[in-house]
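Participant: Questions regarding the structure given below will be posed in turn.
Every number here is computed from the coordinates shown, using simple stated rules; none is lab data. Just so we're clear, the structure is a prediction, and the values are computed from it rather than from any experiment. Note: ideal-geometry Cβ built from the backbone for every residue, glycine included; neighbour counts use all protein chains shown.
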Amino acid sequence: MAPVLELRGITKHFGPVQALRGADFILEEGEIHALLGENGAGKSTLMGIAFGLIRPDAGQILVRGNPQQIRGPLDARQLGIGMVHQHFTSVPALTAAENIGLTAGWSVSPGKLYRRVRDLGEQTGLPIDPAVRAEDLPAVLKQRLEVLKALATDARILLLDEPSSVLSPAEAESLLTRIQSFRTRGMSAVLITHKLDEATRVADRVTVLRRGEVVHTGPASAEPPARLAALMIGAPGWAPQRASHSASAGEVRVRAQGLAVERSGPGGAPLREATFSARSGEVVGIAAVEGNGQRELLRALAGLLRPSRGELDVSTPVSFVPEDRTSEALIGEFTLAENLALSQGQGGAWVRGPWLDWGAVERRTEELLGEFSVRAPGPGTPAIALSGGNQQRMVLAAALERQPAVLVAENPTRGLDIKATAEIHARLREAAKQGVAVLFHSSDLDEVVELADRVLVVREGRVIELPEGATRQEIGARMLVEVSGAS
Amino acid sequence: MDADLLVSFLTSAVRVATPLLLAALGETLAERGGVINLGIEGAMLAGALAGAIGSTVGGPWAGTLAAALTGAMLSLGFGLIAVAAGANQIISGTAITLGAVGATGAIYREVYGSAGVGLSLPTFPVIPIPGLARIPLLGPALFEQSILTYLGYVAVPALWFLLFRTRWGLALRAAGESVEAATAAGVRVKRIRIVALVLGGMFAGVAGASLVLAQVGTFAEKMTAGRGFMAVAIVVLGGWRPGRVAGAALFFGAAMALQFLFQSIVSNLPYQLFLMLPYLLTLLVLAGGVGRVRSPAELGRE
Amino acid sequence: MRAERTLPLISAVAAGIAVLALTLVATGHDPVVALGAMWRGAFGSWDTILSAVLPRSIPLIVIGLGIGLAFRAGALNIGAEGQFYAGAIAATWAGLHLNGWPAPLAIAALLTTSILAGVLWVAVPVLLRVRFGVLEVISTLLLNFVADALVSWMVQGPLQEAKRIYPQSDPIAASARLPQVPGTRLHLGLLLAIGLAVVLWVIYRRTLWGFQLRATGAGPLAAGIAGRIDTKKMLATALLLSGGIAGLAGGIEVSGVSYALFQSLSPGYGFTGIAVALLARLDPLGTIATGLLFAALEAGAGGLQREAGVPAVLVYLIEAVIIIVVLLSDTIARRRSHGRF
């Protein structure tokens, strides 16, 4: 079998961060090749280079044996490379058909365009209503639109970036089966994922990336999953375990009765019915597939969204750690001291009447930097200069500075390396030990299982309380959602 | 009101609306791409002067060509500053207009001597369209106009087709809705925006020329008097769709014509009321009083 | 911070002058003579400084401060021109009815009405923004035209002078006029402008509200979520204050310079004020400097025309060049500092 895509010696750095170090990657014709690695290993960067979104510092790209210059997505498409992105990359206000037509360069007259889109849907087994605006599609169909866009460009080399991240286990399963069928149509695919079981189930070969370097490449069946996991993390075999906590039943800090919240923005989903409570000293994990209402639940708890029905009592003060730290938790161009002042608002110890004592802010910031091991030159550093892990440490420090009764966290370890993740987990547990009621959501089921005392599942807007000792499989099963076909 | 007065008012309305329509069509292109071009006022004014000078040299068509080129160049400058370099659109647009006011004023004085001397220029004649011009009431109003007005009529469906039935138009609209998504789809956002700005600038320049060569008949300093900014309002009122923009332009033109009318009539009603009317209506539309419109999502974002 | 701010500004001014010189040469004027005339028009004598430059700087500084406040919160107030006129109209109306009031009270009353008028004028765009999400860029712009028409009506109708000859109002009561430095056209408004700048500087630097204002503009999402700031309220407040300040500028102009209302009271202060605010990077004390700069340029333009016969309107070209050069150098500097990750 001849290699259909080769990346040789790819090196890339972003500022001081070395994202890729001489990485090699070979995709054989007709194979499904999994690119494994934990968050931040460089997988998306490597494929971003293959698709022309990023320019490498050094290295070579060969398509079907010929060296190529890929300066942008257009070049990549012309070479038959298509990419299905992790994030939603369609134009929200345009219809599904227009989005597909735009990407594929099809003619725009509606009759012809709609027909072509319908044909494409039939051929690939992924039907979609051409006339619906992209922003009005449910999460599953949005993902489908992404795949269709890549297929419409006659791509023979498909790069799939964490395609199942927004899908429930059943939907992901269905998608992977679909991808397998592509093989029979002469396509080759790269499956970027951090989920071991996906890789071993579907792929012919795997390549493991760690800290920007290729540490392993070979047939998927050749190595046991534990070994692959170890290669990904760089530590001896590790599997998620339920943490053992002492049952500390403190006072009730959160009480929800028949709570309902309207959906917040595109991509959200309404919360229809939530009845549960959370106590001081507990860590409650919220497991859900994106787009089932968990965001609405968390933000209602944080006081950012108003319930449309039902009762909600949350002891104040409440601290909120949002998912998107660079735009929702921090102001990038502000210094760390300024960000701390922002987060404490009126309640800051340095506020006297209308006046703000910046000297006191800086001193406290300095103290917090030490307490929370935030690696930064000083309180006057702009937040944007910090790495993700250090930013998150700062965000958590600010959140805990408020001495909250309740702490709500959305994906608190998203995009962080293992060390930072472990630290954040430790801090959350420590906060709980100090009496805070901690509620958090993670899209990584393993993390939920490992960190939480109790697990709540949000499915289609309803909160389901799971019994103590529920296994990972049981929790995953509860998260399933049925998908209705489009059109 | 007797028929003759009505016809003459309608004719005047269409004539006055022509520069507004042309400028607004140009601004529609720019804003569909996600860029607010406040330099359109400057492009129009510069186009007016270029039209005047060009006409004295080579007749009205030469003037129109010169105006189109001038408007295009000014908008290209704006595009380079606000799109290519990424500077704040509002400020750079205002700066372009400011600079155009200064430059045209100075050039006018240099070329034509001190202010106050009325120019006489070769202008565009009124061309009645046989047959159509005989339709009662609307006939003379719509079909006894200058060639530039007819150009406007053609431009409306042409622009609609460009925006909604071509790949280029789709790409432009994508750029105006989501830069991220458009880039992922392979659209060269900066490039397409600049092209749209240049095309729009051409329209603005011709709009200025039409003001000089088909309406007023001469050039005076600062003669556009905010018509370019008016075009921005017209685009909003027209919901960024060429057909509705034409309607909005006509409405503004009618209001302006009414104002001229009332200025010459002694009446209890202050004519300034008609000056205010189009803007107040636009505000109402914006508030959703008369049908909600969505602006291109990238408009106003940096 | 201060140094990296003034260098681009100085080079921008130099660029502007260079463009002017080139234009002069191209049109057959002697650039040295012309530039000299321009200098003298602004700084030639105490008289020009006190009567041409400083009085012009007052509305520019005040409007610049108002626009700067709005910009800090991320609100694009392009309607300062209209708010200025609203303030001027109200001030004139008040001033015509304040006969017999003692001077300080009359002035205070007049200025207060002008502030209220400015607030009122921006209230509609605020409402549209908060309730309907309408871009204030557009709504404030539109109201400029309405204000223009309103002034036209006022000076030809309700506020026209008793003699009904010219489109202007009668002069306002003597007690409602800001005291002048005798022998010049410089009036107390300068102290008001500087005082306002200092007050704003303190608010921005030392108060929680001032900080939250900046946070709202710099990161509206984070301000709302992490800072729990009511960004809608902050934006509305900023716009209302901004309108009030612009209205105040109108009142000061009527009370200190014109003593009456007429159509072209403002030679575009509302737009030049945008540049004044931005070139000072929204810093209140810097706004004093940029206000003076633009006032000097426009006063100089007068000298340019009087002495060298060069059209004064050319100064707008210089201002445009300055704005663009500073804008570009700012943008490029920002690009460079925002490295990846």
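Participant: Can you sort C:His29, A:His33 by how many other beta carbons sit within 10 Å, fewest first?
Facilitator: Result, fewest neighbours first: C:His29, A:His33.
Participant: Dipole of the protein assembly as shown (Lys/Arg Cβ +1, Asp/Glu Cβ -1, origin at the Cα centre): which of B:Phe274, A:Leu151, A:Ala93 lies farthest to the positive side?
Facilitator: B:Phe274
Participant: While we're looking at this one, here's another question. Which order do the peptides B:228-240, C:151-163, A:88-100 come out in when sorted by mean C-beta neighbours inside 10 angstrom, highest first?
Facilitator: So the peptides B:228-240, C:151-163, A:88-100, ranked by packing, come out B:228-240, A:88-100, C:151-163.
Participant: Does the stretch B:50-203 come out rounded, prolate or oblate by the C-alpha gyration tensor, with a ≥ b ≥ c the root eigenvalues, rounded set by a/c under 1.5 and, if not, prolate when a/b is larger than b/c and oblate if not?
Facilitator: Cα axes put the stretch B:50-203 in the oblate bin.
Participant: Right, another one. Mean Kyte-Doolittle hydropathy of 0.0 or higher plus an axial Cα length of 20 Å or more: which whole DSSP H helices in chain B meet both?
Facilitator: B:3-32, B:40-58, B:60-79, B:89-112, B:147-165, B:189-210, B:242-264, B:272-286
Participant: Okay, moving on. At what distance in angstrom do the alpha carbon centres of the stretch A:129-155 and the stretch C:154-170 lie from each other?
Facilitator: That distance is 65 Å.
Participant: Would you be so kind as to identify which of C:Ile172, B:Ile147, C:Thr216 lies farthest towards the positive end of the dipole of the protein assembly as shown, taking Lys and Arg as +1 and Asp and Glu as -1 on Cβ and the Cα centre as origin?
Facilitator: Result: B:Ile147.
Participant: Also, I was wondering about something else. If Lys and Arg each add +1 and Asp and Glu each add -1, what is the summed charge of the other residues whose beta carbon sits under 14 Å from the beta carbon of B:Gly99?
Facilitator: Once positives and negatives cancel, what remains is -1.
Participant: Go ahead and estimate [θ] at 222 nm for the protein assembly as shown from helices alone: -39,500 (n - 2.57) per DSSP H run with n ≥ 4, summed, over the residue count, rounded to 500.
Facilitator: Only helices count here, giving -17500 deg cm²/dmol.
Participant: Across the stretch C:243-250, in residue order, what do the Karplus-derived ³J(HN,Hα) couplings come to in whole Hz, using 6.51 cos²θ - 1.76 cosθ + 1.60 with θ = phi - 60° and x for Gly and Pro?
Facilitator: Along the stretch C:243-250, the couplings run x, x, 5, 5, x, 4, 4, x Hz.
Participant: Right, here's the next one. Using only Cα atoms and rounding to the nearest 10 degrees, what angle (0 to 90) does helix A:139-152 make with the longest principal axis of chain A?
Facilitator: 30 degrees
Participant: Sequence gap of 8 or more, or different chains, plus Cα separation below 30 Å: how many lysine pairs satisfy both in the stretch A:3-233?
Facilitator: So the count of such lysine pairs works out to 10.
Participant: So how far, in whole Å, is the C-alpha centre of the stretch C:14-39 from the one of the stretch B:197-247?
Facilitator: That distance is 33 Å.
Participant: Is the shape of chain C best called rounded, prolate or oblate, per the rule: a/c under 1.5 gives rounded, else a/b larger than b/c gives prolate, else oblate, with a ≥ b ≥ c the square roots of the Cα gyration tensor eigenvalues?
Facilitator: Since a/c reaches 1.5 but b/c is at least a/b, the shape of chain C is classed as oblate.
Participant: Can you list residues whose amide H is under 5 Å from C:Gln168's amide H, if they're 5+ apart or on another chain and H is modeled 1.01 Å from N?
Facilitator: Under 5 Å from the amide H of C:Gln168: C:Glu161.
Participant: Relative to the first principal axis of the alpha-carbon coordinates of chain A, what is the inclination of helix A:418-433, with its axis defined by its Cα atoms, in degrees from 0 to 90 and to the nearest 10?
Facilitator: 30 degrees
Participant: Any chance you could check the Cα centroid distance between the stretch A:297-354 and the stretch C:253-270 for me, in angstrom?
Facilitator: Rounded to whole Å, the Cα centres lie 46 Å apart.
Participant: Amide H neighbours of A:Glu31 under 5 Å, at least 5 residues apart or on other chains, H built in the peptide plane: list them.
Facilitator: Amide H neighbours of A:Glu31: A:Ala189.
Participant: If you don't mind, another one. Of the beta bridges DSSP finds with both residues in the stretch A:3-233, what % are antiparallel, to the nearest 5?
Facilitator: Here the share of antiparallel DSSP bridges comes out near 55 percent.
Participant: Could you work out the relative contact order of chain C, using alpha carbon pairs under 8 angstrom and six or more residues apart, expressed as a whole percent?
Facilitator: Across chain C, relative contact order equals 36 percent.
Participant: Against the longest principal axis of chain A, how steep is helix A:169-184, in degrees 0 to 90 to the nearest 10, with axes from Cα atoms?
Facilitator: In chain A, helix A:169-184 runs at an angle near 20 degrees to the longest axis.
Participant: Also, quick follow-up: Give the lysines reachable from A:Lys433 as a straight Cα distance under 27 Å; neighbours fewer than 8 places away on the same chain don't count.
Facilitator: A:Lys419
Participant: Whole-Hz Karplus ³J(HN,Hα) for the stretch A:301-316, in order, using 6.51 cos²θ - 1.76 cosθ + 1.60 and θ = phi - 60°, x for Gly and Pro?
Facilitator: Those phi angles translate into 4, 6, x, 8, 10, 9, x, 8, 8, x, 10, 9, 10, 10, 5, 8 Hz.
Participant: To continue, here is another question. Search the structure for amide H atoms under 5 Å from the amide H of A:Ile54, placed 1.01 Å from N in the peptide plane, and list their residues when 5 or more places away or on another chain.
Facilitator: It is A:Ile49, by chain and number.
Participant: How high is the relative contact order of chain A, given as a whole-number percent (alpha carbon pairs under 8 Å, six or more residues apart)?
Facilitator: Relative contact order for chain A comes out at 16 percent.
Participant: So what is the relative contact order of the stretch B:3-286, in percent, for Cα pairs below 8 Å that sit 6 or more residues apart?
Facilitator: 37 percent
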